[in-house]
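Chemist: Structure provided below as structure tokens; questions to follow.
The values are calculated or read from the model by the stated rules, or taken from the named source; none is laboratory data. Keep in mind that this is a model prediction, so the values were computed, not measured. All Cβ positions, glycine included, derive from the backbone under ideal geometry; neighbour counts span all protein chains shown.
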Amino acid sequence: MQPLTEQELHNLAMNLVGHKLEDQGYEFMGVNSKLKKNPQFVCLKDKKLHFIVVRNVPYPDDPKIYDLAVMQKVKEHAQKFDAKTYYAGVGLSNAADQRLPVYLNEDYIVDYDGLIEV
């Protein structure tokens, strides 16, 4: 059993959020999957620009709590483009035992409640 790397967990979180955004009618203008490079998504919806920061949050941390300094920096950048800023925290954990890592090709639990406007 091979645990997912930090980059793989980040990509999984981005895929989950990306599909939700697509379903909600967001149009992707830019996507950045590099760790710690923000924002991950620059989207257009209703003729308005949106900057979205995606984070994988390991169990038992709360995926709704974000790094205020990072998000403030992204928000200041977004304001230059008259864009809204959102945080998307995705909790991913092993379905069999949440204390174990998430393994490749194994079931996992997703804790994601949608975008949080910053």
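Chemist: Could you tell me which residue of region 102-118 is surrounded by the fewest Cβ atoms within 10 Å (Cβ to Cβ), considering only residues that are in contact with a helix residue (DSSP H, G or I) (Cβ under 7 Å, 6 or more places away or on another chain) and among the aliphatic types (A, V, I, L, M)?
Modeler: The selected residue is VAL110.
Chemist: Continuing with this model, one more query. Checking the conditions here, which among LEU16, LEU49, LEU21 is farther than 28 Å from TYR108 by Cα and either touching a strand residue (DSSP E or B) at 6+ places or on another chain (Cβ under 6 Å) or at pLDDT 95 or above (or both)? Reasoning before the result, please.
Modeler: On the way: LEU16 fails: farther than 28 Å from TYR108 by Cα; LEU21 fails: farther than 28 Å from TYR108 by Cα.
Selected residue: LEU49, the only one of LEU16, LEU49, LEU21 that is farther than 28 Å from TYR108 by Cα and either touching a strand residue (DSSP E or B) at 6+ places or on another chain (Cβ under 6 Å) or at pLDDT 95 or above (or both).
Chemist: Sticking with this one: ARG55 passes all but one of (1) charged (D, E, K, R); (2) under 15 Å from the mean Cα position of the chain (by Cα); (3) part of a loop (DSSP other than H, G, I, E, B); which number fails?
Modeler: Among (1) charged (D, E, K, R); (2) under 15 Å from the mean Cα position of the chain (by Cα); (3) part of a loop (DSSP other than H, G, I, E, B), the lone unmet condition for ARG55 is (3).
Chemist: Tally up the residues in region 1-32 that are part of a loop (DSSP other than H, G, I, E, B), in contact (Cβ under 8 Å) with a residue 24 or more places away in the chain and not aromatic (Phe, Trp, Tyr), please. Even if it seems obvious, please write down each step before you answer.
Modeler: Restricting attention to region 1-32, the residues satisfying the condition of being part of a loop (DSSP other than H, G, I, E, B) are 1-2, 4-5, 24-26, 32.
Next cut, in contact (Cβ under 8 Å) with a residue 24 or more places away in the chain only: 1-2, 4, 26.
Those still in the list that are not aromatic (Phe, Trp, Tyr) too: 1-2, 4.
Number of matching residues: 3.
Chemist: Now for a separate question. Of VAL70, VAL110, VAL74, VAL90, which residue is touching a residue at least 40 places away in the same chain (Cβ under 8 Å) and in a helix (DSSP H, G or I)? Don't jump to the end; show me each part of the working.
Modeler: Details: VAL70 fails: touching a residue at least 40 places away in the same chain (Cβ under 8 Å); VAL110 fails: in a helix (DSSP H, G or I); VAL90 fails: in a helix (DSSP H, G or I).
Selected residue: VAL74, the only one of VAL70, VAL110, VAL74, VAL90 that is touching a residue at least 40 places away in the same chain (Cβ under 8 Å) and in a helix (DSSP H, G or I).
Chemist: Considering ALA88, ALA83, which residue is over 17 Å from the mean Cα position of the chain (by Cα) and surrounded by 18 or more Cβ atoms within 10 Å (Cβ to Cβ)?
Modeler: Details: ALA88 fails: over 17 Å from the mean Cα position of the chain (by Cα).
ALA83 is the lone residue from the list that is over 17 Å from the mean Cα position of the chain (by Cα) and surrounded by 18 or more Cβ atoms within 10 Å (Cβ to Cβ).
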